[in-house]
Amino acid sequence: MTDFMKTRTPARATFGAGCFWCVEAVFERLDGVSEVVSGYMGGAVKNPSYEEVCEGATGHAEVVQITFDLEMLDYESLLDWFFRCHDPTTRNRQGADSGTQYRSVVFFHDESQRLAAAKKIACLDAEAAFPSRIVTEVTQASDFYPAGNEHQDFYRRNSHTPYCMAVIAPKIASLGMEG
């Protein structure tokens, strides 16, 4: 636990934006974020396995649950990064990954997060920020199930694997972040 987490009340955000390995690699680089945990939310099965979620039958999305310090980073800034790090206009698909488990979704933890997400989507659509309308779901947060240890800090531990080099490293670079 970082020093600021010992003295401040942390805030939480949960986003699904495709493969959680890719999304985790983005958010763990932000100042003010103390923890990013890959896992599952939004489905009907308790304690789903990675394999069950990948099959697409549980209803869960691959998500990251982010713990952050509101004094250093506001929720709206997290939303900005969320919409920058994936294509929110493709339903149930990110790159080569397809299925409901890869859907674009904001799981809100309180009314202020719901309103902020709805406002951000409306603004981006009004600005025509993307070539198509945003299909991101905005849904009440439900039970969060952390993925196994082999899925946590995946990019940091596996950056030289072919998947990380071909998919995650270019994403990090395109966002202007360090590899």
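The values are calculated or read from the model by the stated rules, or taken from the named source; none is laboratory data. Model, not experiment: these values are computed from the prediction. Using ideal geometry, Cβ is built from the backbone for each residue, glycine included, and neighbour counts are taken over all protein chains shown.
Inspection of the stretch 39-55 finds no residue satisfying the criterion of being more than 24 Å from residue 151 (Cα to Cα), without any contact (Cβ under 8 Å) to a residue 60 or more places away in the chain and in a loop (DSSP other than H, G, I, E, B). For residue 42, which of the numbered conditions (1) modelled with pLDDT of 95 or more; (2) surrounded by fewer than 21 Cβ atoms within 10 Å (Cβ to Cβ); (3) on the phi > 0 side of the Ramachandran plot fails to hold? Here residue 42 clears every test but (2).
Taken as a whole, the condition of being more than 15 Å from residue 144 (Cβ to Cβ) and out of contact with any helix residue (DSSP H, G or I) (no Cβ under 8 Å at 6 or more places or on another chain) applies to residue 90. Residues in the stretch 46-56: is at least one farther than 23 Å from residue 143 by Cα, in contact with a strand residue (DSSP E or B) (Cβ under 8 Å, 6 or more places away or on another chain) and of a type in the set (A, V, I, L, M, F, W, C)? Within the stretch 46-56, none of the residues are farther than 23 Å from residue 143 by Cα, in contact with a strand residue (DSSP E or B) (Cβ under 8 Å, 6 or more places away or on another chain) and of a type in the set (A, V, I, L, M, F, W, C).
The requirement of being outside any helix (DSSP H, G or I), closer than 18 Å to residue 172 by Cβ, touching a residue at least 12 places away in the same chain (Cβ under 8 Å) and not basic (Lys, Arg) is fulfilled somewhere in the stretch 63-70, by at least one residue.
On the given criteria, is residue 113 polar (S, T, N, Q), within 16 Å of residue 21 (Cα to Cα) and either surrounded by 20 or more Cβ atoms within 10 Å (Cβ to Cβ) or in contact with a Lys or Arg (Cβ under 7 Å, 6 or more places away or on another chain) (or both)? Considered against the rule, which asks whether it is polar (S, T, N, Q), within 16 Å of residue 21 (Cα to Cα) and either surrounded by 20 or more Cβ atoms within 10 Å (Cβ to Cβ) or in contact with a Lys or Arg (Cβ under 7 Å, 6 or more places away or on another chain) (or both), residue 113 comes out as no. Considering the stretch 82-137, and only residues there that are in contact with a strand residue (DSSP E or B) (Cβ under 9 Å, 6 or more places away or on another chain) and among the hydroxyl-bearing types (Ser, Thr, Tyr), the residue that is farthest from residue 166 (Cα to Cα) turns out to be 136.
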